[in-house]
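None of the figures in this text is laboratory data; all of them are computed from the coordinates on show. In this text, all values refer to a predicted model and were calculated from it rather than measured experimentally. Don't worry about glycine lacking a Cβ; one is built from the backbone with ideal geometry, like all the others, and counts go over all protein chains shown.
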Amino acid sequence: MALNRDAIGSIPASHTMIIINKQNGDSIDKMLKRYKNKSRQCKVIEELKERKTFTKPSVKRREEIKDAIFRQKVRSDKEKNS
């Protein structure tokens, strides 16, 4: 299946390759470090782990609410201490 140029724009960012260009004087270690940083920024590994198992939407919502409550509690504690 060949992709035409119009279809490429509709591909989600999570499905594109991470490209590391070699610059003058770059060692393999520097390039590997740059690759790791880019992959962390793109959250490729997190997405793969998330796709391994199915989580129900209600469970996702519950986790988001718990995280929001925790963040709000931490912020209010910071404001009280400062």
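Below 12 angstrom from the Cβ of S39, what's the summed charge of the other residues (Lys, Arg +1; Asp, Glu -1)? Could the numbers behind the result be given before it?
Details: positive: K33, R34, K36, K38, R40, K43; negative: E46, E47.
Once all neighbours under 12 Å are counted, the net charge is +4.
Any idea how far apart K30 and I18 come out in nm if each label point goes 7 Å out from Cα toward Cβ?
1.9
When the chain is fully extended, how far beyond the present Cα-Cα distance does R62 get from C42, taking 0.36 nm per residue of separation? Walk me through the numbers on the way to the answer.
Details: separation 20, 0.36 × 20 = 7.20 nm, distance 2.48 nm.
So the chain would gain 4.7 nm between R62 and C42.
Quick one: net charge around E63, please, counting Lys, Arg +1 and Asp, Glu -1 for every other residue with C-beta under 12 Å from its C-beta.
So the environment of E63 carries a net charge of +2.
Excluding same-chain residues fewer than 8 positions from K66, which aspartates and glutamates have a Cα within less than 17 Å of its Cα?
Filter leaves D77.
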